[in-house]
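> The structure that follows is given in the form of structure tokens.
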Amino acid sequence: MRRLKARDERALGELYDTMAPWVLGLAFRILHDEDEAEEVVGEVFVQVWRHVDQHDARRGPLVPWILSIARNRSLDALRRRRRWWRKAERWEQAQEAEAAEPGPTAPHESSVPGWPLHREVHAALAALPEEQRRLVMLSYFDGLSHGEIARRTNQPLGTVKTRLRLAHQKLTEGLQHVKDWLE
């Protein structure tokens, strides 16, 4: 952190070498598109470099901060893509197109490269009750808001929020053993 805040470019290179596979894996898991995921990686490290002075170690370690930036950038890209798809669909309907383009397919879990904690995270997710796991996936990987999840699953908003809160608590407990490693 000290070297990054002192604008040591070698420190950024070392951080990139260590974290880029994680960021790429997370971005790919959300976007299902390698090119977009690679763009997100670049955006994330530019943002880290420009705003490293804004990271407050008292609020959390560097790794989760970087991964949260990656998640947010990926969700932004996913939303842009969804807006583009909606516009394309309206245009196709106006042109009376025969078929809409299929959406991206979900990759196999093993396509998340370089994530040392991959198995622990997936084991913690697998340990959740099915309904909680489904809501976590909709929230985290599909980027849906609580309200969007409630509409999609036909559940009351309070139920969605409660189940997500319980899932978060269980994931925190289930991944407690890796917390020291992330710091």
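> Got at least one residue in the stretch 48-63 being surrounded by 12 or more Cβ atoms within 10 Å (Cβ to Cβ), assigned by TED's automatic domain parsing to the domain that holds Tyr16 and at pLDDT 90 or above?
Start the filter on the stretch 48-63 by keeping residues that are surrounded by 12 or more Cβ atoms within 10 Å (Cβ to Cβ), which leaves 48-49, 52, 55, 60-63.
Restricting the remaining residues to those that are assigned by TED's automatic domain parsing to the domain that holds Tyr16 gives 48-49, 52, 55, 60-63.
When the remaining residues are screened for being at pLDDT 90 or above, the result is 48-49.
Scanning the stretch 48-63 turns up at least one residue that is surrounded by 12 or more Cβ atoms within 10 Å (Cβ to Cβ), assigned by TED's automatic domain parsing to the domain that holds Tyr16 and at pLDDT 90 or above.
> Across the stretch 129-183, which residue is nearest to Leu78 (Cα to Cα) among those that are free of Cβ contacts under 8 Å to residues at least 24 places away in the same chain and of a type in the set (A, V, I, L, M)?
So, considering only residues that are free of Cβ contacts under 8 Å to residues at least 24 places away in the same chain and of a type in the set (A, V, I, L, M), the one nearest to Leu78 (Cα to Cα) is Leu144.
> Taking His32, is it at positive phi and touching a residue at least 24 places away in the same chain (Cβ under 8 Å)? Write out each step before concluding.
Values: at positive phi: yes; touching a residue at least 24 places away in the same chain (Cβ under 8 Å): yes.
Yes; evaluated as a whole, the condition is true for this residue.
> Out of (1) buried (at least 16 other Cβ atoms within 10 Å of the Cβ); (2) of a type outside the set (Gly, Ala, Ser); (3) not in a helix (DSSP H, G or I), the odd one out for Arg7 is which?
(1)
> While we're looking at this one, here's another question. Taking the stretch 140-180, which residues are part of a helix (DSSP H, G or I), of a type outside the set (A, V, I, L, M, F, W, C) and in contact with a Lys or Arg (Cβ under 7 Å, 6 or more places away or on another chain)?
His146, the sole residue that qualifies.
The values are calculated or read from the model by the stated rules, or taken from the named source; none is laboratory data. This structure is a prediction, so every number in the text was calculated from the model and none was measured. A quick note on method: Cβ atoms are made from the backbone with ideal geometry, for glycine too, and the neighbour counts reach across all protein chains shown.
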